[in-house]
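Peer 1: Take a look at this one; I'll ask things after.
The values are calculated or read from the model by the stated rules, or taken from the named source; none is laboratory data. No experiment lies behind these values; they were computed from the predicted model shown. Note that we place each Cβ from the backbone using ideal geometry, even for glycine, and neighbour counts take in every protein chain shown. Keep in mind that these areas ignore ligands, DNA and RNA; they rest on the heavy atoms of the full protein, side chains included. Shrake-Rupley method; radii C 1.70, N 1.55, O 1.52, S 1.80 Å.
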Protein chains: 2
Amino acid sequence: MTPDPRLSINQATLKYASLATALRVTAEAGVASIGLWREPVNEVGLARAARMLDDSGLRFSTHCRGGFFTLPEGPERRAAIDDNRRAIEETATLAAAGAPGSQAILVLVVGGLPEGSRDLAGARDRVRAALEELAPEAQAAGVTLAIEPLHPMYCADRAVVSTLGQALDLAEGFAPEVVGVTVDTFHIWWDPQVLDQIARAGREGRIATYQVCDWKTPLAEDVLLSRHYTGDGVIDFASLTRAVIDTGYDRDIEVEIFNAEIWAGDPAHVVRRTAETFGAAISPHL
Amino acid sequence: MTPDPRLSINQATLKYASLATALRVTAEAGVASIGLWREPVNEVGLARAARMLDDSGLRFSTHCRGGFFTLPEGPERRAAIDDNRRAIEETATLAAAGAPGSQAILVLVVGGLPEGSRDLAGARDRVRAALEELAPEAQAAGVTLAIEPLHPMYCADRAVVSTLGQALDLAEGFAPEVVGVTVDTFHIWWDPQVLDQIARAGREGRIATYQVCDWKTPLAEDVLLSRHYTGDGVIDFASLTRAVIDTGYDRDIEVEIFNAEIWAGDPAHVVRRTAETFGAAISPHL
């Protein structure tokens, strides 16, 4: 089976593979696109990672990830902002190195409540302040910052942005090519407003990337690792995917799976299985 | 320390105590109110449970729980609806047996996706249909059905109603004394719309019961059991409690904690600790 031409393998799906292995198994499976993570890129160095990506012939769909914007002012917040500047540069460099159709999109996980804090409104205000600080640099680099609403179960410790509507509210006032949103089925499938908010995201030109994986219960003991192949859980990919496509979204679609069992598998097998399950669950709706 | 006069101990906080023990330790601690669960009530029988409640001198704040409305038409759905009829009767009987100020409120956990289904919209429609069927009987019995939005992490397997706004939308068209909502901090604290929706619930006269407990990470291995004493986690009880009180809410406030460690403790100690932590985290905002 030929993988869907719009499928992109998010590197986190191959957690324990090196950058070289991830690029190789993705290309060998006939998948055309990949989303990279900062840690394995920085392990080999940005310039070398860009050359490896170029050599692979793959498109580059997103860079994961920036964010962690919720700390109050001080050296730690400054370090986080500076780290995001580097992430913007990496994103631009990798997008330029990828095959035609590559995108310069930096996915943002905005951060949870600072240690000991209960001030959710304050944390959310600091996300906006960080976006205001970084937007000019992203714009200059031609990079889109893609705010990712995370499932509300991660609100305390990962992301105080929990719904697509809230991410779009945050993005207001920024140019859509500078601040967009990440639409990830795992995080938003439950939201009674999700179809309306996908349509709104489309109207506002803010769907930077569409990512898919499935939700299944019982949740994994570590709820971060509870993501599954599309079709293995309860998410209705038909309605969500059609809603995204109906907005005119025409980019790659990433599969990003955090799952200890899948991570323990052979990366080449994981890519093939990802392509098969994508073909069955997503492709019919494209 | 005298417990706050508005504190009610939800019986689930004393999971392994019999009804007799739960009533005794609650009254002995000087707490004035209790919320009961159907299983321990039915273990002794409704008539006897009502006499025991009467003898305890406690107010009755809610009955937990009805719901599980998402099955498609068939014998299992009929059995669930019939079971809710019995729960309505139990609620009315216990409210009449409790001390003055008792309330006839049946908390509803609406149910998750039926096995093998991905049709979230259909499941939600069936919740509305069940409410339409049960509302006349609740009204005749003087019972308020209190839809409880559960945290979105329970959407697949427990409750397809995930936000206060969604619960209020569902309640529209019913009289507020017949269909209201349960405002439980654990389930809704993360919601960027929560303060607006609490105000709306107040305006629409639908806050049937206010319940408090805390959220802490990492989540328990079984995410159902991840509820904590108020003050032990990250929820800002000041803003949520003030929002509820600002609507004119003047009833009891329940503490409902599912937590294996707390359940393993001596029930008398658990009630005292619940009262202390309520006094510190909630009472200042009443």
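Yes/no per residue for (1) in contact (Cβ under 8 Å) with a residue 12 or more places away in the chain; (2) open to solvent by less than 10 Å² (accessible area, probe 1.4 Å); (3) of a type in the set (Phe, Trp, Tyr):
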| residue | (1), (2), (3) |
| --- | --- |
| A:5 | yes, no, no |
| A:8 | yes, yes, no |
| A:15 | yes, no, no |
| A:32 | yes, no, no |
| A:43 | yes, no, no |
| A:53 | yes, yes, no |
| A:60 | yes, yes, yes |
| A:68 | yes, no, yes |
| A:74 | no, no, no |
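Peer 1: Output yes when any residue across the stretch B:170-186 is more than 18 Å from the chain's Cα centre (by Cα) and either within 22 Å of residue A:151 (Cβ to Cβ) or open to solvent by less than 10 Å² (accessible area, probe 1.4 Å) (or both), and no when none is.
Peer 2: Taking every residue of the stretch B:170-186 in turn, none turns out to be more than 18 Å from the chain's Cα centre (by Cα) and either within 22 Å of residue A:151 (Cβ to Cβ) or open to solvent by less than 10 Å² (accessible area, probe 1.4 Å) (or both).
Peer 1: Here's a follow-up. Could you list, in sequence order, the residues of the stretch A:136-150 that are open to solvent by less than 10 Å² (accessible area, probe 1.4 Å) and closer than 13 Å to residue A:85 by Cα?
Peer 2: Selection gives A:138, A:143, A:145.
Peer 1: Against the conditions (1) within 14 Å of chain A (Cβ to nearest Cβ); (2) open to solvent by 20 Å² or more (accessible area, probe 1.4 Å); (3) free of Cβ contacts under 8 Å to residues at least 40 places away in the same chain, where does residue B:128 fall short? Just the number, please.
Peer 2: Failed condition: (3).
Peer 1: Here is a further query. Going by the conditions given, is residue A:110 touching an Asp or Glu at 6+ places or on another chain (Cβ under 9 Å) and within 14 Å of chain B (Cβ to nearest Cβ)?
Peer 2: Judged against the criteria, residue A:110 is a match.
Peer 1: Could you please give the count of residues in the stretch B:92-113 that are in a loop (DSSP other than H, G, I, E, B) and either among the hydrophobic types (A, V, I, L, M, F, W, C) or open to solvent by less than 20 Å² (accessible area, probe 1.4 Å) (or both)?
Peer 2: Residues flagged as in a loop (DSSP other than H, G, I, E, B) and either among the hydrophobic types (A, V, I, L, M, F, W, C) or open to solvent by less than 20 Å² (accessible area, probe 1.4 Å) (or both) within the stretch B:92-113 amount to 6.
Peer 1: Could you please give the count of residues in the stretch B:153-180 that are β-branched (Val, Ile, Thr) and within 14 Å of chain A (Cβ to nearest Cβ)?
Peer 2: From the stretch B:153-180, those β-branched (Val, Ile, Thr) are B:160-161, B:163, B:178-179; that's our starting set.
Retained after the next criterion (residues that are within 14 Å of chain A (Cβ to nearest Cβ)): B:160-161, B:163.
Of the residues in the stretch B:153-180, 3 are β-branched (Val, Ile, Thr) and within 14 Å of chain A (Cβ to nearest Cβ).
Peer 1: Could you grab me the full set of residues in the stretch A:233-259 that are of a type in the set (A, V, I, L, M, F, W, C) and surrounded by 20 or more Cβ atoms within 10 Å (Cβ to Cβ)?
Peer 2: Correct list: A:234, A:235, A:237, A:240, A:243, A:244, A:253, A:255, A:257, A:258.
Peer 1: So how many residues does the stretch B:212-232 have that are more than 8 Å from chain A (Cβ to nearest Cβ) and open to solvent by less than 50 Å² (accessible area, probe 1.4 Å)? Let's see the steps before the verdict.
Peer 2: Restricting attention to the stretch B:212-232, the residues satisfying the condition of being more than 8 Å from chain A (Cβ to nearest Cβ) are B:212-214, B:220, B:224-232.
After this cut, where a residue has to be open to solvent by less than 50 Å² (accessible area, probe 1.4 Å) as well, the list is B:212-214, B:220, B:224-231.
Of the residues in that region, 12 qualify.
Peer 1: Please verify whether the stretch A:199-211 includes one or more residues that are open to solvent by 10 Å² or more (accessible area, probe 1.4 Å), within 26 Å of residue B:188 (Cα to Cα) and either within 12 Å of chain B (Cβ to nearest Cβ) or touching a residue at least 24 places away in the same chain (Cβ under 8 Å) (or both).
Peer 2: Yes, the stretch A:199-211 contains a residue that is open to solvent by 10 Å² or more (accessible area, probe 1.4 Å), within 26 Å of residue B:188 (Cα to Cα) and either within 12 Å of chain B (Cβ to nearest Cβ) or touching a residue at least 24 places away in the same chain (Cβ under 8 Å) (or both).
Peer 1: Go through the stretch A:233-242 and give me each residue that's aliphatic (A, V, I, L, M), out of contact with any strand residue (DSSP E or B) (no Cβ under 7 Å at 6 or more places or on another chain) and at the interface with chain B (Cβ under 10 Å from one of its Cβ atoms).
Peer 2: Applying the first criterion (aliphatic (A, V, I, L, M)) to the stretch A:233-242 yields A:234-235, A:238, A:240.
With out of contact with any strand residue (DSSP E or B) (no Cβ under 7 Å at 6 or more places or on another chain) added as a condition, the list becomes A:238, A:240.
Within the stretch A:233-242, A:238 is the sole residue that qualifies.
Peer 1: Something else now. Mind checking which residues of the stretch A:33-48 are closer than 22 Å to residue A:137 by Cα, touching a helix residue (DSSP H, G or I) at 6+ places or on another chain (Cβ under 7 Å) and among the hydrophobic types (A, V, I, L, M, F, W, C)?
Peer 2: As a first pass, look at the stretch A:33-48 and keep what is closer than 22 Å to residue A:137 by Cα: A:35-39, A:41-42, A:45-47.
Still in the running and touching a helix residue (DSSP H, G or I) at 6+ places or on another chain (Cβ under 7 Å): A:35-38, A:41, A:46.
Those that are closer than 22 Å to residue A:137 by Cα, touching a helix residue (DSSP H, G or I) at 6+ places or on another chain (Cβ under 7 Å) and among the hydrophobic types (A, V, I, L, M, F, W, C): A:36, A:37, A:41, A:46.
Peer 1: Restricting the search to the stretch A:63-80, which residues are under 19 Å from the mean Cα position of the chain (by Cα), outside any loop (DSSP other than H, G, I, E, B) and over 25 Å from residue A:8 (Cα atoms)?
Peer 2: Across the stretch A:63-80, the qualifying residue is only A:80.
Peer 1: Tell me yes or no: at least one residue of the stretch B:151-161 is within 21 Å of residue B:105 (Cβ to Cβ), surrounded by fewer than 24 Cβ atoms within 10 Å (Cβ to Cβ) and not aromatic (Phe, Trp, Tyr).
Peer 2: Yes; the residues of the stretch B:151-161 include at least one that is within 21 Å of residue B:105 (Cβ to Cβ), surrounded by fewer than 24 Cβ atoms within 10 Å (Cβ to Cβ) and not aromatic (Phe, Trp, Tyr).
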